[in-house]
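Inspection log for the structure reproduced underneath, given as structure tokens.
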Amino acid sequence: MLLCRDSCCTQGEPRGATASTRNMLVLLVDRLEDGVVVIGPDQAVVWMNRAMERLFGVSGYETIGMNAVEFISLCVSPNLQGGEDLKADFIGSCFFCENIPTRRYRISRNPCRGIWVEYSSTVIPSGPNRGARLDTFHVSQDSGRLETNLQEYRQRYDFLETVSSDLVVCLDPGLAIRSVSPSARLLLGYNPGDLAGKHLSSIMTPESIAEFQKACFLDRVSRGSTGRSVLPGNVRTIEATLTDMQRQPVAVIFGFALVGDDEGNPAGTIAVAHRKSGNQSDEHLWQEVCSQFNRNIEHLACLGDRIKNPLAVIIGLAGMQDGAAARQIAEQAQIIDRIVTELDQGYVASLNVRQFLRKHYHLEDDAQPRVTPPKSGSA
């Protein structure tokens, strides 16, 4: 209607009616959420709606009259992922006067980053307006939902990165560090902000880097034809050695998952490093703790009997005497007896703890108590 207004008038339709219809059409198209661009037969931009201005950050006043190829090259393709392909298709379609079928692109400019549009171009193949075309950028209906989900996932990731006691590292495809969790201070002594932008080799030994790259390669080989992991959420784990701020080695279990975009192209890696336990010093310390725990149980058992035996003698001697002093001695002895009973209860609780450690943590019995549990009760 916009391009053929002269043809409408020559067919006998009143010029006023044509202008009114055209104005209503412009008003309606201008209220669409989809971007619309009208290109004239001379391949110059004739008109665009407000949605087009919002999506690509352009001004209609500045772009009206601009050559269409220049408009696509400077204003549209730089703001799309894969925009160079769109520019090549557009130049070819202008030369051969052909339509461009629907193609899907993701807007990469702020504040519209993350919105997907379906682009198509319809050309007038013949007549006085031959070569004129209508370009539409249809906003995908699930773009808002996808962007909301991405924001939610990002918030969850930021929260887990903050509270995790393990080291969380986000890497780009070139193994440059995008972000590091605050636990980098405890594990490696680094300020997280100082590591952003550095290569992973700044905190990982060359041998571990090579092992990590090999594991990444094997993960990509195991992917399907779409580039996605055969097992969604599959996490690979390797043993690696990090280096702290003093360049001292830190043995860790390095778990990672490759992250790809919607087209299956690698977008980065999220990794979690957990300090590896079970080395010789840790085992020695654990054995020392277990041995001391057993000795404490034995000492607690002997201590009860060592208190109760003299206490029984005191109560017996006090019972042989009359008077207030003898009664006071007996009362204090009863208090001591109740305290010893609490020691007995603590002994039983310690035995229960040791039994739990034996079952779940393989506590060695290198110091068995050599006395039987004391009997509770009054002396």
Q | Solvent accessible area, Å² - Tyr190, 1.4 Å probe, full protein context | A | 30 Å²
Q: Would you mind telling me the share, in percent, of accessible area of the stretch 68-134 contributed by carbon and sulfur at probe 1.4 angstrom?
A: 53 percent
Q: Evaluate the distance, in nm, between pseudo-label points positioned 7 Å from the Cα of Gln248 and of Leu317 along their respective Cα→Cβ axes.
A: 5.7 nm
(Q) Using a 7 Å offset from the Cα along the Cα-to-Cβ direction at both Ile336 and Glu239, what is the distance between the two label points in nm, to one decimal? (A) 5.7 nm
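Quickly rank 180-187, 78-85 as a protection proxy: mean count of other C-beta atoms within 10 Å, highest first.
Values: 180-187: 18.8, 78-85: 16.0.
So the peptides 180-187, 78-85, ranked by packing, come out 180-187, 78-85.
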Q. Given labels modelled 7 Å from the Cα in the Cβ direction, how far is it in nm from Val348 to Arg113?
A. 6.4 nm
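Mind checking the full-extension length gain between Asp30 and Glu84? Use 0.36 nm per residue of separation minus the Cα-Cα distance, one decimal, nm. Don't jump to the answer; show the numbers that get you there.
Details: separation 54, 0.36 × 54 = 19.44 nm, distance 2.73 nm.
Length gained, Asp30 through Glu84: 16.7 nm.
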**Q.** Nonlocal amide H pairs with Val58, under 5 Å, H built at 1.01 Å
**A.** none
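Could you order Glu62, Glu211 so the one with the most accessible surface comes first? Probe is 1.4 Å. Don't skip to the end; give the middle numbers.
Values: Glu62 145, Glu211 85 Å².
Solvent-accessible surface, decreasing: Glu62, Glu211.
The values are calculated or read from the model by the stated rules, or taken from the named source; none is laboratory data. The model shown is predicted, which means the values in this text are computed figures rather than measured ones. Every residue, glycine among them, receives a Cβ derived from its backbone with ideal geometry; neighbour counts consider all protein chains shown. Heavy atoms of the whole protein, side chains included, go into the accessibility calculation; ligands, DNA and RNA do not. Shrake-Rupley method; radii C 1.70, N 1.55, O 1.52, S 1.80 Å.
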